[in-house]
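Since every read-out is calculated from the coordinates, none of them should be taken as a lab result. Just so it is clear, the structure is predicted and the values come from calculations on it, not from any experiment. Neighbour counts run over all protein chains shown; Cβ positions are idealised from the backbone, glycine included.
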Amino acid sequence: MFDRSSEILRGQQQAALPIDLVSELLLGMRLYGLRYNRIQIAPPFGIGFGTMEARAQFHFIAQGPVFLRTADGAVHALDTGDAVFLPRGGAHDLLSAPDLASRDIATFQTDTLCPAVCAITDCPDHTCRTKDTLIFSGCMEFDLGGMHALVRLMPEVMLVGTLLRRQPEILPMLEAMEREARTERAGFAGILARLADVVAASIVRGWVECGCGDATGWIEALRDPRLGRVIAALHREPGRNWTVAELAAEMGSSRSVFAERFLAVTGLTPLRYLTELRMRLAAQWIGRDHISIEAIAQRLGYGSQAAFSRAFKRITGHSPGAVRNLATIEVSPGG
């Protein structure tokens, strides 16, 4: 069912990250479904996702086969029991054959099963057969907190089959999802939604534990135990008034050796890295959590709201107020 041998070998060849640092990376992870669809559809079919959606996407195949086609034309074959996570979402299709055209999922008729979960049934004469394709699909909010830059380094498509040898505990969850999708017992929609969240989070954790695949750049710093301690300390206390001397002490080296190594690996000076980290966190707190700008300035160690606002605009190119206004527009009805 799962073609995973080459991916497993690649994962074993990558240097794993220290366990304590993995915990630091994932401590701030927020991954939960915003809306889901149970899709029962008769071949031939093509379903388009993500034409106007930048959020993460998750698909579970309860009855296959299904082909996933990404915007660049790459095709991944999926079968019964497979799950796939697209951390950055984006345009892609689920198809009964690789060369079919697709129809935007928003154009299908839906029936509400429970809050946030809908059913799409597209079968001849509205009569579905047990051999028809069955998919459970979710649009997800995915945030890694201060480590959100890591999302940009993730593969476009993350297949659960690549993790089963390392994380065999995922298999019973996949089997449970298959049973719930097929049998439609009382409460099945809510149970499927929660299982989807856990499986997607497990896929992310597996990628991080395996050393973040082929990702480079500051991932090299995370694989270096001494530099990893510094990165973890910065993310643990972003509002602390860190000095280069204190960070060098975390690494256990001189200031000059630390500064040179940090710049060589991350491409940033330590204090520039800290400032960019603070601004990423601030943007999330402003737009997502609606925390006041004054409170954010205090949390991140700025002496005044004005000083924070100047730093924020210098790094992001926008004022904190503009980011807040944009977030308000995006969540407003019809926005």
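General observations
- With all projection directions averaged, the alpha carbon convex hull of segment 41-102 covers 3.8 nm².
- For T133, nonlocal amide neighbours, meaning residues 5 or more places apart or on other chains whose placed amide H falls under 5 Å from its own, are I41.
- Taking W207, W285 and counting other C-beta atoms within 10 Å, the order from fewest to most: W285, W207
- By the Kirkwood approach, averaging reciprocal distances over each pair of separate Cα atoms, segment 219-331 gets a hydrodynamic radius of 14.9 Å.
- Cα centroid separation, segment 231-251 to segment 30-47 (Å): 44
- Radius, Kirkwood style, for segment 79-205 when every pair of distinct Cα atoms is counted (Å): 16.4
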